[in-house]
Structure formats: C-alpha cells, structure tokens
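So the structure is just underneath, and the comments pick up after that.
Taken together, the values in this text are just the output of simple stated rules run on the coordinates, not laboratory data. What you see is a predicted model, and the numbers here were worked out from it, not measured in a lab. Cβ sites come from the backbone with ideal geometry, for glycine too, and all protein chains shown count toward neighbours.
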Amino acid sequence: MIPQRKMFGLATTVLLGAALFVSQGCGGGNDSGGTTTSGPVAIFTPDAATPAPGTLALLSGTGSGASINVRVTVTGVTGFFGAAFRIQYDPTALLFNGMTDSASFLRDGVTNGDVLFSENHTSVSGEILVTATRLDPTVAPPVDVTTTADLVVLNFTARRVLLPAATEGRVEFGDPKQVCDGTVVGQGCGTIAVTWSGGGISAQ
C-alpha cells in the first residue's frame, strides 16, 4: 500500500464564521417613518477570466449582498492528484467565512475516505492554508482536467465598501504553493508546473 502523501500546511481545522454587512437608510413616501436595509454588493473580478491551459485560477462564483464565493479552479492540467497553497487577503477589508469542497472534481468517482480537504485561516492573519488532494493513487488515481473545473470554493464577506481594483480587495495565491501528480512513492510530490492567477473583490 502506498502511504498517503503529505503536503505542506496540512490542516484539519475548519472554522466557519459569518458576518452581516448592512447599512440603514430612511424610507420615504409613507407616514410610518419606516426604514429599509441595504448594503454593498460584492463582485469578484478575476485576473484571467478565461484561464489558459495549465492554470490554477480564482474565478467568480455566486454571491449574495456583501458575500461572494471565489472558486479555486483548475484548467487543462493532466495528471492532477492534489494541491497545497496559500490564499492571501486583507483581513481588515474581507472576512473569510469558510471553504466548501462538495463540488470538487477530486471527488468524482471516489469515496470520502479517498480525498482530503483542509483549510487553516487562524495560524496567520490574512492567509488561508489549503490542502486539496486524493490520498492513494492506486485507489483514486490522478485526474486529467481538460476544461475548467472547481477544486474548492472560498467564501468571503466585504467588511466595507471596496472600490474596483482596490489593493485591499485583492485575493491571490501566496508562496509556497504546489501541485502534485501522484507518481512519487512515499511522502514525496511529483510537482506539476502551473500558472497561478488571482483576482480582486469590490463591494459597492
């Protein structure tokens, strides 16, 4: 049996948080003096809206008000077994709420025991350590990703109004980061060379 691969930053704690970002304004047109509740609408703008083959890119997902999903996607990578990377953001401008992996392509055709997803956003402020990998290539072999597929999805909430292209709205991959092909026996990683592409969140 081939031992499980170990990649840097392997974390087992997932902390889910939530934030409500609202502003109140005066309502008009009635005698009751009623109020309406509204807030900024978050939008994620990727650096590469159409990723080239061999790319791990952050792309926009669904959103609701100040909350926005950021998809970590893989495009055109042959023999993808797993990845470990850091996501960097400004915690004074963005609140990280959690990570979901239910729609990950790594889950296709395998059981929960064949894959590992973990995130740690508490060790370093403004940094999320993510591991997403299959565990044993003899049971769950590497995946050929021919188009663009979701690896994991990250959810953020804008803490305040953020102008488009503002530095504090940036969400990007930090070092170290790696993608493995599952061919190395033991604790190693057969590294795949890829391009990493981030983006930014605005909220208005």
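Computed values, structure above
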read-out: Rg(Cα)/(2.2 N^0.38 Å) for region 70-180, N = residue count; value: 1.14
read-out: Given charges at beta-carbon only (K, R positive; D, E negative), |dipole| of region 104-204 in Debye; value: 340
